[in-house]
Amino acid sequence: MTTRSTPAVGIDLGTTFSAVARLEENGRPVTLVNAEGDRVTPSVVLFDGDDVVVGKEALKALATEAEHVAECSKRDVGHRVFHKALGGKQYPPEVIEAWILNKLRQDATAQIGPFSQVVITVPAYFDEVRRKATQDAGYMAGFEVLDIINEPTAAAVAFGFQQGLLAPEPSSDQPVKILVYDLGGGTFDVTVMEIRGTDYVTLATDGDVQLGGYDWDQRLADLVAEGFIREHLLDPREDPSTAGRVWRDCEGAKQTLSSREKATIPCYYQGRSSRVELRREQFEEATLDLLDRTRFTTVQTLRAAGLEWPQIDRVLLVGGSTRMPMVRKMLREISGKEADTSVSADEAVAQGAALRAGLMLAKRHRKRGTFHIKNVNSHSLGVVGVNPKTQQRRNGI
Ligand code: ADP
Ligand code: MG
């Protein structure tokens, strides 16, 4: 009865895309689709007079009325105001985040009925101010925030569920060491974790808050613009709307190149046009330095955890950008193993958060829980610890 009246819901509030998952009656996490029928919602908000539009339509508006559109508000969480005024108004970033959460709540409610209790995820490097701001965004959107947990931990929990490690008596007593490589739209994070029975412990975490799929898009946009300049002596990036359209087409081409060997990117500006034909190798060559930055951080984090590749049992891929074949190739090269794709890269975080919500609700109803998170717990907000082995800071042990 409790599960029916109180659905366990988890929210991955991403920099560029967000996702919502719930636990089904049988305890399995499933990702919910939004009102547009998608499993992920762009974390983009359009302030159009009194109208506030969130998601796909707001993202489209970036190509026509960028001055009213807030994107990547998560990057500014913890600051007093969002870095750009929207329609002449300044908003705190958590207010923009609250609008995104509100859309996620409405769309989920349409499917599973009214609910308020949720677990929301944040990057492992978020400090207490940003965790608190995220919690506030949740309250503003009408949620009761059961817990704020780290994104890589959530991904590991989803993986643990998939592998049967969450059972009260897990199939193996051997600790499982995993490396979570998360390349999203605007950020990169890498975390080394250990699953000890039912405990999830973070050993080391690092990342780059200014590196994500968007940088790969920009590299393509530069190639397109340079071609256009050579042909027509005009730079299409001069005009914000044209630049917006070029970016959109480049992002599409990047996705095409994840499954096909070549893609064509058109460009129209001031009555002229060009087409760039690009092969996957050319794309990979043009963006190799970006990938190398993630390689460097990954190796550093492994070292900070005091581990070598043979000690890592699994490499988990999280984030839409890990769909790029170059990411898997690089990880195979440095780790000597095939990355684990048993949990969908876009859904793992939301599903892990839903599993966490299930546990929190079960505890409230005095049922036995099945797993423990050692690195994050909303009741210990304000505590930062140091791993004695690695000297790495950990949030809220
Ligand atoms: P967030 O940073 O919000 O967590 P996601 O994990 O959803 O974002 O990742 C979004 C990024 O993933 C975007 O840059 C998007 O272009 C990229 N992406 C999604 N699908 C693919 C694909 N098939 N190939 C390459 N990149 C992809
Ligand atoms: Mg993400």
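Tabulated results
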| item | result |
| --- | --- |
| Residue among 22, 39, 4 that alone is of a type outside the set (Asp, Glu), modelled with pLDDT under 95 and either in contact with a strand residue (DSSP E or B) (Cβ under 6 Å, 6 or more places away or on another chain) or closer than 30 Å to residue 357 by Cα (or both) | 4 |
| Selected residue (only one of 160, 197, 138 is more than 16 Å from ligand 1 (Cβ to nearest atom) and at positive phi) | 197 |
| Which listed residue is acidic (Asp, Glu) and touching a residue at least 24 places away in the same chain (Cβ under 8 Å), from 65, 71 | 71 |
| Complete set of residues in the range 316-344 that are within 16 Å of ligand 1 (Cβ to nearest atom) and out of contact with any Phe, Trp or Tyr (no Cβ under 9 Å at 6 or more places or on another chain) | 323, 325, 328, 329, 330, 341, 344 |
| Residue within the range 49-69 that is hydroxyl-bearing (Ser, Thr, Tyr), loosely packed, with under 15 Cβ neighbours inside 10 Å and over 18 Å from the mean Cα position of the chain (by Cα) present | yes |
| Selection count where residues are over 22 Å from residue 203 (Cα atoms), in a strand (DSSP E or B) and among the β-branched types (Val, Ile, Thr), scope the range 109-145 | 3 |
| Output for the range 116-134, where each listed residue is surrounded by fewer than 23 Cβ atoms within 10 Å (Cβ to Cβ), more than 14 Å from residue 74 (Cβ to Cβ) and either in contact with a strand residue (DSSP E or B) (Cβ under 6 Å, 6 or more places away or on another chain) or among the hydroxyl-bearing types (Ser, Thr, Tyr) (or both) | 116, 117 |
| Boolean, residue 215 is surrounded by fewer than 24 Cβ atoms within 10 Å (Cβ to Cβ), closer than 17 Å to residue 150 by Cα and not basic (Lys, Arg) | no |
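Residues checked against (1) in contact (Cβ under 8 Å) with a residue 24 or more places away in the chain; (2) more than 16 Å from ligand 1 (Cβ to nearest atom); (3) farther than 30 Å from residue 190 by Cα:
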| site | (1), (2), (3) |
| --- | --- |
| 231 | yes, yes, yes |
| 234 | yes, yes, yes |
| 272 | yes, yes, yes |
| 282 | no, no, no |
| 314 | yes, yes, no |
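The values are calculated or read from the model by the stated rules, or taken from the named source; none is laboratory data. Values in this document were obtained by computation on a predicted structure and should not be read as measured data. When we count neighbours, we look across all protein chains shown, and the Cβ atoms used for this are built from the backbone with ideal geometry, even at glycine.
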